[in-house]
1. Name the single residue, out of those in the range B:178-203 being surrounded by fewer than 16 Cβ atoms within 10 Å (Cβ to Cβ) and in a helix (DSSP H, G or I), that is modelled with the highest pLDDT.
2. Got a sec? Which helices (runs of 4 or more DSSP H) wholly within the range A:500-583 have at least 3 residues that are within 30 Å of A:Asn113 (Cα to Cα)?
3. Any residue at all in the range B:596-614 that's within 14 Å of chain A (Cβ to nearest Cβ), surrounded by fewer than 21 Cβ atoms within 10 Å (Cβ to Cβ), assigned to a helix (DSSP H, G or I) and more than 24 Å from the chain's Cα centre (by Cα)?
4. Can you find a residue in the range B:316-329 that is part of a helix (DSSP H, G or I), of a type in the set (A, V, I, L, M) and either more than 24 Å from B:Leu663 (Cβ to Cβ) or away from every other protein chain (no Cβ under 12 Å) (or both)?
5. Among the residues of the range A:417-442, what is the count of those that are part of a helix (DSSP H, G or I), more than 14 Å from the chain's Cα centre (by Cα) and more than 21 Å from A:Ser509 (Cα to Cα)?
6. Got at least one residue in the range A:167-174 being surrounded by 14 or more Cβ atoms within 10 Å (Cβ to Cβ), closer than 24 Å to A:Ala330 by Cα, of a type outside the set (Phe, Trp, Tyr) and in contact with an Asp or Glu (Cβ under 8 Å, 6 or more places away or on another chain)?
There are 2 protein chains.
Amino acid sequence: MKISALLTSAGINIGLCVLFLSLYSVLRKQPANVRVYFGRRIAEENERLRGAFILERFVPSTGWIVKALQCTEEEILAAAGLDAVVFNRILVFSIRIFSLAAVLCVFGILPLNYFGQDIKHVRIPSESLDIFTIGNVEVRSRWLWVHCVALYIISGVACILLYIEYKHIARLRLLHLTSATPNPSHFTVLVRGIPKTAKESCSDVVDDFFTKYHSSSYLFHQVVYKVGKVQKIMTGAKKAYKKFKHFTDETVDQGCRSITYRCCLCGASSNSFKLLNTECEQNRRKPDNESSLNLDDEECTAAFVFFKTRYAALVASEILQTTNPMKWVANLAPEPEDVYWSNLWLPYKQLWVRRIATLLGSIVFMFLFLVPVTFIQGLSQLEQLQQRLPFLRGILKKKYYMTQLVTGYLPSVILQIFLYTVAPIMMLFSTLEGPTSHSERKRSACCKVLYFTIWNIFFVTVLSGTVISQLSVLSSPKDIPIQLARAVPGQATFFITYVLTSGWASLSSELMQLFGLIWNFIRKYVLRMREDTEFVPSFPYHTEVPKVLLFGLLGFTCSVLAPLILPFLLVYFFLGYVVYRNQLLNVYRTRYDTGGLYWPIAHNTVIFSLVLTQVIGLGVFGLKESPVAAGFTIPLIILTLLFNQYCRNRLLPLFRTFPAQDLIDMDREDERSGRIDEIHHRLHSAYCQFPDTEDVPLEKIKIIGGDEEQGCSSGESTGKDTCVDPKMDLSHPTLKGLPVSRLRHAVRSITFLIRLQKRGLSE
Amino acid sequence: MKISALLTSAGINIGLCVLFLSLYSVLRKQPANVRVYFGRRIAEENERLRGAFILERFVPSTGWIVKALQCTEEEILAAAGLDAVVFNRILVFSIRIFSLAAVLCVFGILPLNYFGQDIKHVRIPSESLDIFTIGNVEVRSRWLWVHCVALYIISGVACILLYIEYKHIARLRLLHLTSATPNPSHFTVLVRGIPKTAKESCSDVVDDFFTKYHSSSYLFHQVVYKVGKVQKIMTGAKKAYKKFKHFTDETVDQGCRSITYRCCLCGASSNSFKLLNTECEQNRRKPDNESSLNLDDEECTAAFVFFKTRYAALVASEILQTTNPMKWVANLAPEPEDVYWSNLWLPYKQLWVRRIATLLGSIVFMFLFLVPVTFIQGLSQLEQLQQRLPFLRGILKKKYYMTQLVTGYLPSVILQIFLYTVAPIMMLFSTLEGPTSHSERKRSACCKVLYFTIWNIFFVTVLSGTVISQLSVLSSPKDIPIQLARAVPGQATFFITYVLTSGWASLSSELMQLFGLIWNFIRKYVLRMREDTEFVPSFPYHTEVPKVLLFGLLGFTCSVLAPLILPFLLVYFFLGYVVYRNQLLNVYRTRYDTGGLYWPIAHNTVIFSLVLTQVIGLGVFGLKESPVAAGFTIPLIILTLLFNQYCRNRLLPLFRTFPAQDLIDMDREDERSGRIDEIHHRLHSAYCQFPDTEDVPLEKIKIIGGDEEQGCSSGESTGKDTCVDPKMDLSHPTLKGLPVSRLRHAVRSITFLIRLQKRGLSE
């Protein structure tokens, strides 16, 4: 690939970027798209945007960039949670280290590479890109020590910056813990592997155990029910209920379409929804006495156990309870909104098998993915491809631009399309693994996608790109540094185009929210459905974190060897910084938070990238027969690994558990201020497995049904007529054996379903 | 190697074994050797052996074998601790699995191998040993499924037996925990990384912290002092004191030499020694008020913190105390006799560096060791050796027996001698690592020796033996199964001779205690020193566990491929069972115990051996072009690894911590029975850093000195004359700045030293 081809590619991408950014700055001002671009704000802040037609709306502007840059870390923390801050810090770290690397390598190393061999230089635009890599430096050059020094500086500064960030995030995590409003999850432990007994009900077993062994701090517990048939009916009913809400709102808001997104929150149906919740609370006061006694033993596999203090909950979660480590397994509970209810009832015994099975599954998937990737990578080596498929030669020889396009652009676009399938599949694997919280699921998917990305984009590209005919790349670990050293500079071309296409373009499309925009359009103008304020997506950390970290990996490995990539990468990170901040503030809603657990992943990846860079550097110095430079690289590798070990000892434990000192201080503070009773009181309603249908007395169903209709100013009274009689025949054979509380849910769900159907027909 | 050579070797070894065993049965009956062969009994049971001259003493007997076999597991547990039982179980497991394997392979597989190829068989004694390995089975044989089935049976039975043993030992570990007399270590936590403050003394800092955050359960604490100059003087004095004791006893016991080993225990000097200890106890009552206040802050890096209940100590040891994971690091304390005092004052910050450094050190040592081993292994391939060193050809060609000896015996003898240096070096590495207890140090050394043994004896032998000219054996991991499959059957000859020499002979020498015997002889008749009852060695688990596990590895890997090794191995295990039981009961003394922590090491090694066997099997079936057998081996590998994972989940946590349920039950039982106050009382004197010189008031020194002399019936009264005046000038410039308690120790030590010197001169 020549410089001119690179510039063509860069030109196309810069043009596209500018176009998309301008489009975005216009589209975001259109009231019709407000749900796409300000989902979080609408859902959380009830902000009202004016709907008047003014010219300003159609002029591209840069105000959003300024806004995104101006907002402080505290604002991001408040608006989008700690994970968003961590993601932001990853970008800040990348910008810092690659700014330094860019200055160092473009001005220090690029000239060395360019004039590395005594060859005749043509005009720069027609120069091959390989001239700018370390491949152009002659063997046994006396300038290789510059590369080695650059490697030292980059590694050293990266470690220092990493440590600063790690400490900063650890501090934020502790602040997040201590300064937040009392979090029910800190008082709660999720117990799994509860042993079954023939005599007692599950609830009694839990009660007995914790009364006996944690008597001083045990408060009460709440059993998790197995999600069975009844739940399926209820989920259906829930969906139906939402549709139903939508219909009633539709009739109300016929006249004032521009404020539809407000109606839904202050409207009648939401109120009745809330009423229900408080009733649920009142009914949950004595959960262990009433509801759970009626349930089958079979259905009990997990329970939330509540403690008087945070410290007691921590202690219960850390110690081994009994002589069987697979019984009475206690872990700190996830936050109420974070609980992944449908996994809670999984038997604890199964989990390790599931974990291994999904691990194997993801590895198999990773390797099967090689097939398309290997083929695509062949495209960037046109000569090899032409040798293998001779009929292509005629086509490609004729058109120069065709060749340019195929080598410069096509491979990464096709790769990109394939990669879109990865995240959902890894998410599926993570779900099967059996995590108990949404955030854990996403974090696990993030790791899987990260390994996948690094393996399939970096290693396979590097190895298959150069040795396309030879599949036994893994046969000799000793030669890997040498092989990488040969391959990486050669593949720098591909990586630069990858940054241009995948990096820049994906940022633009992330900003534009193309899918959201189109879907919003179809919903509104084709399907004529009402807008859904409830559904605001949460930030896809599991795809974005690996993406940013991969670019970091490319940057580190290419920095010294092929520094031409760094300016492009730096543009990516700057753009990403602005775009992601904007998206976090405006588009995505934070429902759950891992509490900064993405940082250790980022840290490990950066360390891996550094060590890989150093190993490749070692190989290159070996190839160039520079024993001094190679010799000096070995202590650098050791120092980097030692630094990593220090961080693991000094900071990682803070991300695995909470320090007792802080928890005890918080407990004492709460006790002194008398807030503790209020907190205990609130714990009763914190975890609600069936939030909108829990334990409603049969007699109340009608009243609630009435409530809903009362709230709607123009509601028809057909609802009451179609309502199933709550005193229906409970002795029907199909209903026999089901516990009373479940029947209540079922009755209620069916009532809604029937009512909805009638209503749908009457309209 | 031919069958006849093997039989020669076996004959030599059997003869040696019988000779040694007979010698042992005679020597053990001689009163002069009683200290060598009954060290534990003498030290613990005060047993008296008659000294009369009777003929019976010089007739070989087998009574000791019967005794060793008859003793039950409970007796071993009581006499030698849980580690001895674990070691015993490793032997029992090996006997069981290899009995099965021997029956299966000798009767099922050996004939198949022998008649595997359609070749002309010569007389069996002249037959090459390779005829009996799988190497003799022809390619694509239809009998290879028998090997595969045997592999399945052996792996399956091994897993079942492993699980049974694991469960049994976990149960014993819990019984050991609950049924034992109240153990002070269960109430105690060793705290390291205590932050320094300028204002407060270290003791106050510890007191403040635990009073604040563990107020309900904190009892008191005891600071660990840094071992400095004073301690060095004291160690010297201690040695001198022992010598001094020896001299006084010598004069007492001139007439009754045959009961010398009793005198030492009921004699006067021991009594005065005990007196001292009780005074130490009384003075330790208020350690936090008196002694520690006087000490420099610099000297405080660790402290023992005592809690009211076992559960509280467990909780304190499991949780993260503060926001800095390298401060206030709490771990359950080792048992008082097990504490490795000289490592306690190491700064906690250093430990991770030390751990990495020793790891690197041991790896380097492992690879440097290759040089002699590679050379030695060359000896067993005489043909290759002759090619390389042509001058040898003449010598070796001439003498047939010479060749026999060199190939059959010499290599393993030389290897054995080299191996004797390994254990002390690994022990040194483990000491540098900074463990806080003797048992941890030994366990760590055991792991290192194990890795060393497996790498240097198994892998290097296998790989260098076959590919002696090719050093790049590690270059291709994909080919390792194939390479091992080629090498292992070829090296079976060496392994059989290794079992004969290293296995059988080392058992005999272990039983004979050659070093002990010679040393005892020299001490008694050459140096004319008095016998030392204090020094009884503890069992060298760090050399014996790896040895037994290595033979297990050899057994598994050779079982299906070269079954001829199994009978020899089985003899080794039977002999080992008898010998080690005898040694554990009679010779070694158990001062400290890991509580069964050797079992997870053994378990992992057996799993590793099984998987290695299966991988080699896979390679062999691949070489023999039997896709069915190879295909069926892959699920076996997966199943074995799954089994291992299950054990890690189900049983391993019990070896890492204690279950809270049992501790709480024990605490309650103690509280109900009122024993708890007595236990708390005893905690004060449990951990004594300077056991025999702690905090003795200055005025008492003379009285104690007098005591010693009073006890000896024929003691001279010279001691009192040479005693230094305890009211010596404490304002001397060299003594300034030293705390008073230290001065007391110093004064006392010097007193003894001077007294001893005078006495030595007067004799």
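1. Among them, the one singled out is B:Thr178.
2. Working: elements: A:506-512, A:514-521, A:541-559.
The qualifying helices (runs of 4 or more DSSP H) are A:541-559.
3. Looking for residues that are within 14 Å of chain A (Cβ to nearest Cβ), surrounded by fewer than 21 Cβ atoms within 10 Å (Cβ to Cβ), assigned to a helix (DSSP H, G or I) and more than 24 Å from the chain's Cα centre (by Cα), one finds none in the range B:596-614, hence no.
4. As a first pass, look at the range B:316-329 and keep what is part of a helix (DSSP H, G or I): B:316-318.
Now narrow it down to the ones that are of a type in the set (A, V, I, L, M): B:316.
Subsequent filtering for residues that are either more than 24 Å from B:Leu663 (Cβ to Cβ) or away from every other protein chain (no Cβ under 12 Å) (or both) retains none.
No, the range B:316-329 has no match at all.
5. Step one: list which residues in the range A:417-442 are part of a helix (DSSP H, G or I), which gives A:417-419, A:422-432, A:438-442.
Pick out the ones that are also more than 14 Å from the chain's Cα centre (by Cα) and you get A:417-419, A:429, A:432.
If we keep only those that are more than 21 Å from A:Ser509 (Cα to Cα) as well, we get A:429, A:432.
Going through the range A:417-442 one residue at a time, the tally reaches 2.
6. The answer is yes; a qualifying residue exists.
Condition check ((1) assigned by TED's automatic domain parsing to the domain that holds B:Val578; (2) free of Cβ contacts under 8 Å to residues at least 40 places away in the same chain) across all residues:
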residue	(1), (2)
B:Val86	yes, no
B:Arg89	yes, no
B:Glu127	yes, no
B:Val146	yes, yes
B:Val149	yes, yes
B:Cys159	yes, no
B:Leu175	yes, yes
B:Thr188	no, no
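Every residue, every condition in (1) modelled with pLDDT under 90; (2) of a type outside the set (Lys, Arg); (3) within 30 Å of A:Leu553 (Cα to Cα), yes or no:
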residue: A:Gln614; (1), (2), (3): no, yes, yes
residue: A:Glu625; (1), (2), (3): yes, yes, yes
residue: A:Thr633; (1), (2), (3): no, yes, yes
residue: A:Leu639; (1), (2), (3): no, yes, yes
residue: A:Tyr646; (1), (2), (3): no, yes, yes
residue: A:Arg650; (1), (2), (3): no, no, yes
residue: A:Pro653; (1), (2), (3): no, yes, yes
residue: A:Ile664; (1), (2), (3): no, yes, no
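The values are calculated or read from the model by the stated rules, or taken from the named source; none is laboratory data. Please read these numbers as outputs of a predicted model, since none were measured by experiment. Methodologically, a virtual Cβ is constructed for each residue, glycine included, from the backbone with ideal geometry; neighbour enumeration extends over all protein chains shown.
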